[in-house]
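> Handing you this structure, nothing more for now.
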Amino acid sequence: MKTMTNGKLGMVGTLLLLTIVTTACGSGNNENGSNNAANAANANATNAANAGNGTNAAGATNAGTTDAAATDATQTETTDAPAGDKGTVTVYLNDFDDIVKPMFEEQTGYKLEVVSGNGAEIMSRIEAEKGNPHWDVVWMDSMPSINGLDKQGELLTGWTPANATGLTEFSKSFVPTDGSFYPTGTHAAGVIVYNKDKVKAEDAPKTWADFTNAKYKGQIGMADPAVAAPAYPFVSWFFQDQGMDAAKTYFSSLMKNGLHVYPKNPNVVEALTGGEITVAALQESNAYVMKTKGDPIEIVWPEDGAPGSVRVAAIQKDTKNADGAKAFVDFLLDPKTQQALIDKGDESYFEPSVAGVTPKADRQPNAKLVVAKADWAADNEAEIKQWFSDQSVK
């Protein structure tokens, strides 16, 4: 298996990034689709959409959050005319920081502090802060990892956002019985993309099984499931659907066929445009951005379904600003917020989680998404990621 990392596949170097303060995801290719280079101070958040059947160096905040001004403890709805500063809500996320911060602050009167990073960085930071968490809300397209936090007793449970009444039937299926997290949208963690200048349409893969064909030897790329937030939801579907042994056999066959594994989806894009590969399993946002830019690629929604990554929001159980944290999650479930993410966000290709939101016009209508169950994916996450990491040194 080929990799673009300097050393082993997986979490290498992640912990070295934990002291970097970041904010603002910038435009362009961010981790779950388009990669943003370095997140700078003052980053800011918005909300995402829908669910279905995982950027840069994680930042170090100035410790802690501020107690919210006295508000009703049960209040979760946002207001149009906030009165004064209600305190600060610290959100750990991997996309949309440049959109959500100004919207949320203007609508609610809370201040928003954003720490942005890729999936591995954010989860490593949360792990390192156990016993002294600095975050109020985590919002990422990595439902299995967030479900794992719930299993560890790290999340606030037993509450329902006011805007949860608008969840689609598809998205409702992802809400755990304890109400520990809520979906804000689902996107394809991997669709089939090929360079039409080098691969004829009749020769292009149509299913995931086609990736094992010898005619694609050394030509296929994908993101690292131990680093990129949406890449683990992508591979976890294969492991649940096929079974652990069969999935290992499948991915082993891809590796023997010269599979290239890159740290994140933007690296896959670079390999496609640079000619290192001609076929990829690529996050849909990256794929559609490439096509919009005029890159010579075609997108294939596989017949057996595109493994989906569900972006979810959860609250830290001991948050010092519960009112603000709840207001932020409710804000993410507002149709106006999700429409803004689609209209303005870098990761704008996704299926909204609430009714009344219009997806991108050029997105595949009635796209088939398949999603591994959150509990199963969380229980097997460490084993699957370790298995991929072990392959890089063989």
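> Working only within the stretch 365-394, note down all residues that are of a type in the set (Lys, Arg) and part of a helix (DSSP H, G or I).
Applying the first criterion (of a type in the set (Lys, Arg)) to the stretch 365-394 yields 368, 373, 385, 394.
Answer for the stretch 365-394, where residues must be of a type in the set (Lys, Arg) and part of a helix (DSSP H, G or I): just LYS385.
> Another question, if that's okay. What's the number of the condition LYS317 fails, among (1) open to solvent by less than 40 Å² (accessible area, probe 1.4 Å); (2) of a type outside the set (Ser, Thr, Tyr); (3) within 22 Å of the chain's Cα centre (by Cα)?
(1)
> Which one is modelled with the highest pLDDT among residues in the stretch 206-233 that are surrounded by 24 or more Cβ atoms within 10 Å (Cβ to Cβ) and of a type in the set (Gly, Ala, Ser)?
Per the stated criteria, the residue is GLY221.
> Tally the residues that are farther than 22 Å from MET143 by Cα and modelled with pLDDT of 95 or more, restricting the search to the stretch 84-100.
1
> Could you list, in sequence order, all residues of the stretch 270-289 that are closer than 20 Å to TRP208 by Cβ and either of a type in the set (Ser, Thr, Tyr) or in a helix (DSSP H, G or I) (or both)?
Going residue by residue through the stretch 270-289, those that are closer than 20 Å to TRP208 by Cβ are 271-272, 277-288.
If the condition is that a residue be closer than 20 Å to TRP208 by Cβ and either of a type in the set (Ser, Thr, Tyr) or in a helix (DSSP H, G or I) (or both), then ALA271, LEU272, THR278, GLU284, SER285, ASN286, ALA287, TYR288 are the ones that fit.
> State yes or no: is VAL289 open to solvent by 10 Å² or more (accessible area, probe 1.4 Å) and touching a Ser or Thr at 6+ places or on another chain (Cβ under 8 Å)?
Judged against the criteria, VAL289 is a match.
> Shifting gears a bit: Among the residues of the stretch 106-121, is any modelled with pLDDT under 95, among the hydrophobic types (A, V, I, L, M, F, W, C) and either within 19 Å of the chain's Cα centre (by Cα) or under 23 Å from LEU369 (Cβ atoms) (or both)?
Within the stretch 106-121, one or more residues are modelled with pLDDT under 95, among the hydrophobic types (A, V, I, L, M, F, W, C) and either within 19 Å of the chain's Cα centre (by Cα) or under 23 Å from LEU369 (Cβ atoms) (or both).
> Further question on the same structure: Just for the stretch 122-154: of the residues that are under 19 Å from THR186 (Cβ atoms) and charged (D, E, K, R), which one is farthest from the chain's Cα centre (by Cα)?
ASP150
> For the stretch 97-108, give me each residue that is of a type outside the set (Asp, Glu) and open to solvent by 10 Å² or more (accessible area, probe 1.4 Å).
ILE99, LYS101, PRO102, MET103, GLN107, listed by residue number.
> Right, here's the next one. Out of the residues in the stretch 266-286 meeting the condition of being of a type in the set (S, T, N, Q) and open to solvent by 10 Å² or more (accessible area, probe 1.4 Å), tell me which one is farthest from the chain's Cα centre (by Cα).
Per the criteria, the residue is THR278.
> Testing ILE299 on (1) in a loop (DSSP other than H, G, I, E, B); (2) β-branched (Val, Ile, Thr); (3) closer than 21 Å to GLU202 by Cα, one condition comes back false. Which one is that?
Looking at each condition in turn, ILE299 falls short on (1).
> Let me ask something else about it. At least 1 residues that are among the β-branched types (Val, Ile, Thr) and either under 22 Å from VAL289 (Cβ atoms) or touching a helix residue (DSSP H, G or I) at 6+ places or on another chain (Cβ under 9 Å) (or both) in each: list the helices (runs of 4 or more DSSP H) lying fully within the stretch 167-267 that qualify.
231-242, 244-256
> If ALA214 satisfies every condition in (1) closer than 30 Å to PRO266 by Cα; (2) under 22 Å from the mean Cα position of the chain (by Cα) but one, which is the exception?
(2)
> Let me ask another. Scan the stretch 364-378 and report the pairs whose first residue is within 21 Å of VAL175 (Cβ to Cβ) and whose second residue is open to solvent by 80 Å² or more (accessible area, probe 1.4 Å), with Cβ atoms within less than 7 Å and a gap of 6+ or a chain change.
LEU369/ASN53; VAL370/ASN53; VAL371/ASN53; ALA378/LYS151
> Taking the stretch 141-173, which residues are open to solvent by 20 Å² or more (accessible area, probe 1.4 Å) and either within 25 Å of GLY131 (Cβ to Cβ) or of a type in the set (Phe, Trp, Tyr) (or both)?
Filtering the stretch 141-173 for residues open to solvent by 20 Å² or more (accessible area, probe 1.4 Å) gives 150-154, 156-160, 162-163, 165-166, 168-170, 172-173.
Within the stretch 141-173, ASP150, LYS151, GLN152, GLY153, GLU154, LEU156, THR157, GLY158, TRP159, PHE170 qualify.
The values are calculated or read from the model by the stated rules, or taken from the named source; none is laboratory data. As the structure is a prediction and not an experimental result, all values here were calculated from the model. Here the Cβ is made from the backbone with ideal geometry for all residues, glycine too, and neighbour counts use every protein chain on show. The protein model used for the area step is the full one, side chains on, heavy atoms only, and it has no ligands, DNA or RNA in it. Shrake-Rupley method; radii C 1.70, N 1.55, O 1.52, S 1.80 Å.
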